[in-house]
Amino acid sequence: NTPIKVGENERGDQKTGHARVLHDSRGDLDLEQVLLALKAGEFGPLASAGSTGLKTGAYWSHFQLRNPLPRALTLHLEYVDHQLIQLDAFSRPLGDGDFTGVASLSMERPFSHRLVEHNRFVVPVTLAGNETREVLIRFGSRESGYAFPSMRIWSPEQLEAQQLRETTLVGFLFGGFFLMAIFALIAGVVSGKVLFFVYSLYALSKISCWATILGYTHQFFLRDQFHWSLMSSSGALTILLGLTFARMFLQTRQYTRRLDYVILFMTANAGLLLVAAVFQIKILALVTITLALLLYPVVIVAGLVRWRQGQTEAAFFSLAWSFLVMGLFLQAFRDLGLVEHTLFNYYWPPVASFSEMLTIMFAMGFQMRRVYQDKKSTERQYREHLELSKSRLEAEVRVRTRELEQAKRAAELEARTDPLTGILNRRSFLHDASLRLKLAQRKQKASCLFMIDLDHFKRINDTCGHSTGDAVLCQFTDTIRQSIRATDVFGRLGGEEFALLVEEPRDSAHALAERLRNDIAGIEILTGDKPLMLTASIGLAFTEGEATIEDLLMLADGAMYQAKMDGRNRVVGTQGYIRIDDCLR
Ligand SMILES: Nc1nc2c(ncn2[C@@H]2O[C@H](COP(=O)(O)OP(=O)(O)OP(=O)(O)O)[C@@H](O)[C@H]2O)c(=O)[nH]1
């Protein structure tokens, strides 16, 4: 049992070692019995890497500290972990006299009992100049628990400086958690998404959880009454919020039913842990927290499954959760004595927890961006679809309008024209001719109305058939149209009876009538052996005054009748011009 040589500037590098440790499995040995065990050589090295692992009762550690300096030296022995129910320390000068108590520290006693203001247990030991002191420390937990039966050796100032460094780191982490909580809260208020509120609560719960686990809650907030169950309950609350957030973020209920059941089971287990913590059922708390830890990787799997299903940000979530799980497993291995206790693995879980929150924040940002982009692209597609429909509709309306206009024009034309010959029908002729007549009268021009009737047309029908008769009618109208002006009004009054209004004085109108008669007589109708001849009788009525078209029709009809009577194929004009008086008559 070599004494540990200590100096004035101890920086926690030296540890009181695990060389001489005694397991008091029932936890009821008193100092005298322990000294007997020490004498009997029952103290031996610790088998594990640092922690005793889950054991009942208490552990005792024995070591010697040697002050080679001529002056007195005060040292602070720091328990390496934050979780220990009870620590009692005794010391005496080497081999001389009785051990006397130097510290009795308990997690459940008011913080003011601590001899050194520190979130972990610290035992002050003073060595006289050139003195070697034996120290006995009892690490006690009432039920099953673990302990690290070793103490870091510090000079008081060095320990204080180290505590400042650690507190700064933790303060930085807590500040980060707080900022993330505030940020998520604002995002929740702005977007109205419950997910952000859950995240905000999750981040806040991390502060409470780690502050409690690392001993700050006891040091700063609950100085008079602290209990181990507070650690479990704050942990349980964080687990509950973490799982609730994971379920919502990954939408496991909708997309991975089976994994969702497992996460639900984990949530129920976390609820049970909370109950165990509140009612201080330590064994139930141990079982549920172990189960919670073992099942934690399921969330990583859920994230990966969701990623494979197409939720890109779920990959980030899995990564974030992996940080946490690695940290928690490392801590568990350390607590079980499988790996050594170091500052690195001591702070890994809270740092991992911080990285987890940061990564999740990133994943949420990514998700928000994706949702926003999806929304924008849906809107764009909708707008494009709308534009397309609009232009299609407009094109269709244009086509329909054109068709309607064409149909209207066709209907108007049909209503105005004779279907066989294509010239004006009786009604339109009367309308157009009447207007034309009025125009001429305004200009004080003479007008002449021709009444043209084909001779013996019935015979053509009878000998050559009705369709030949139709063809003859068409040929006749074409002949007339070719010989008149565009301003003349030509129409079919019915059957083989046609009328023509021209703005001409008597002589030139007469001459035109004769020319037309000639043209008609020149039409040859080819029917079998010998061609049929076509002639027409034309009656003329003249006006220079206020006569109506009806007056002219009546007079021209009379003249045309006269032409028939005179032997057909001729032009007969009425005598003189019709004047107002004639019309009144
Ligand atoms: N093919 C054909 N014949 C028509 C059409 N409209 C009337 N007709 C015929 O024209 C003939 C007119 O006969 P009528 O009134 O006796 O006169 P017409 O035979 O020309 O003898 P006149 O006038 O006295 O020289 C009738 O047989 C009608 O059926 C038509 O659109 N097509």
Worksheet item: All but one of (1) under 20 Å from Glu497 (Cα atoms); (2) more than 16 Å from the ligand (Cβ to nearest atom); (3) out of contact with any helix residue (DSSP H, G or I) (no Cβ under 9 Å at 6 or more places or on another chain) hold for Arg426; which doesn't?
Response: (2)
Discussion item. With the requirement that a residue be under 28 Å from Asn345 (Cβ atoms) and surrounded by fewer than 17 Cβ atoms within 10 Å (Cβ to Cβ), what does segment 118-154 give you?
Written reply: Pro124, Arg142, Glu143, Ser144
Item to complete: Spot the failing condition for Val371; the list is (1) aliphatic (A, V, I, L, M); (2) outside the structural domain of Val572 (by TED's automatic domain parsing); (3) under 25 Å from Asp519 (Cα atoms), and only one is missed.
Response: (3)
Response to the item:
Checking Asp478, Asp462 in turn, the sole residue that is under 26 Å from Met565 (Cβ atoms), out of contact with any helix residue (DSSP H, G or I) (no Cβ under 8 Å at 6 or more places or on another chain), free of Cβ contacts under 8 Å to residues at least 24 places away in the same chain and within 16 Å of the ligand (Cβ to nearest atom) turns out to be Asp462
Response to the item:
Here the residues within segment 527-552 that are modelled with pLDDT under 90, away from the ligand (no atom under 16 Å from the Cβ) and at negative phi are Asp529, Lys530, Pro531, Glu544, Gly545, Glu546, Ala547
Worksheet entry | Unique residue being assigned by TED's automatic domain parsing to the domain that holds Leu512, in contact with a Phe, Trp or Tyr (Cβ under 8 Å, 6 or more places away or on another chain) and away from the ligand (no atom under 15 Å from the Cβ) when the list is Val489, Val472 | Val489
Fill in: Residue within segment 409-419 that is within 16 Å of the ligand (Cβ to nearest atom), touching a Lys or Arg at 6+ places or on another chain (Cβ under 6 Å) and either among the acidic types (Asp, Glu) or in contact (Cβ under 8 Å) with a residue 12 or more places away in the chain (or both) present
yes
Discussion item. With the requirement that a residue be within 19 Å of the chain's Cα centre (by Cα) and either buried (at least 20 other Cβ atoms within 10 Å of the Cβ) or not assigned by TED's automatic domain parsing to the domain that holds Val299 (or both), what does segment 247-265 give you?
Written reply: Arg247, Phe249, Leu250, Thr252
Item to complete: Would you point out which residue out of Leu413, Leu435, Leu449 is assigned by TED's automatic domain parsing to the domain that holds Gly539 and in a helix (DSSP H, G or I)?
Response: Leu435
Worksheet item: For segment 445-459, how many residues are within 16 Å of the ligand (Cβ to nearest atom), more than 19 Å from Asp418 (Cα to Cα) and out of contact with any strand residue (DSSP E or B) (no Cβ under 7 Å at 6 or more places or on another chain)?
Response: 3
Worksheet item: Restricting attention to segment 518-536, does a residue exist that is within 22 Å of Val472 (Cβ to Cβ), part of a strand (DSSP E or B), out of contact with any strand residue (DSSP E or B) (no Cβ under 7 Å at 6 or more places or on another chain) and assigned by TED's automatic domain parsing to the domain that holds Ala446?
Response: yes
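The values are calculated or read from the model by the stated rules, or taken from the named source; none is laboratory data. The model shown is predicted, which means the values in this text are computed figures rather than measured ones. Reconstructed Cβ throughout: ideal geometry from the backbone, glycine too, with neighbour counts over all protein chains shown.
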